[in-house]
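*Asks:* Take a look at this one; I'll ask things after.
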Amino acid sequence: MPKITFMGAGSTVFAKSVLGDSLLVPSLTDAHIALYDIDATRLKESKFMLDILNKNINNGRARITAHLGVKNRRTALRRAQSHEYQSAIADRGSGRDAEKGQDLPGRDDGSAHGGRVDTRPDREPVQ
């Protein structure tokens with residue numbers, strides 16, 4: 001069973017887009033999807049939404065788990081073939097989180113970032 005870890009899964013709209021599409025890929029229909037975030041409420045909302053999506057479009061074949069906070073990060077990443085991360089959804093590059101109205105950590109220009117992380121087992125994940 002392949003495993004995908006989604007870092008920053010509290011961004012529900014982005015998680016739905018990326019992981020919802022993943023559930024439609026034949027080789028990923030039975031994947032283990034590990035959701036990770038530091039915000040308990042948003043993580044719970046994302047898991048709820050993906051559980052429904054998994055049931056409705058994938059006959060519930062994927063395994064979806066939620067991992068909250070720094071102490072659970074390694075568990076979320078363990079044995080993952082793919083790590084996806086999303087720091088926030090930016091409000092048109094303004095350096096603000098459109099969902100929370102907060103300043104974003106990011107590059108010097110204030111823009112948000114997201115993308116793939118190196119998944120080779122001999123290395124620590126690198127952003």
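*Asks:* Would you pick out the residues in the range 48-58 that are without any contact (Cβ under 8 Å) to a residue 24 or more places away in the chain and either over 20 Å from Thr29 (Cβ atoms) or not polar (S, T, N, Q) (or both)?
*Replies:* Across the range 48-58, the qualifying residues are Phe48, Asp51, Ile52, Lys55.
*Asks:* Hey, another quick one. If you go through the range 39-65, how many residues are of a type in the set (A, V, I, L, M) and buried (at least 16 other Cβ atoms within 10 Å of the Cβ)?
*Replies:* 6
*Asks:* While we're looking at this one, here's another question. Among what's in the range 1-17 and is of a type in the set (A, V, I, L, M) and surrounded by fewer than 16 Cβ atoms within 10 Å (Cβ to Cβ), pick the residue that is nearest to Lys47 (Cα to Cα).
*Replies:* The extreme case among them is Val13.
*Asks:* Return the only residue of Arg116, Arg120 being under 12 Å from the mean Cα position of the chain (by Cα) and modelled with pLDDT under 50.
*Replies:* Arg116
A quick yes/no check of all residues on (1) among the polar types (S, T, N, Q); (2) assigned to a loop (DSSP other than H, G, I, E, B); (3) at pLDDT 75 or above:
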| site | (1), (2), (3) |
| --- | --- |
| Ala9 | no, yes, yes |
| Ala15 | no, no, yes |
| Gly20 | no, no, yes |
| Asp30 | no, yes, yes |
| Ile64 | no, no, yes |
| His83 | no, no, no |
| Gly93 | no, yes, no |
| Gly101 | no, yes, no |
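The values are calculated or read from the model by the stated rules, or taken from the named source; none is laboratory data. Every value quoted in this text rests on a predicted model; they were computed, and no experiment measured them. Because the Cβ atoms are built from the backbone with ideal geometry, glycine has one as well, and the counts that use them run over all protein chains shown.
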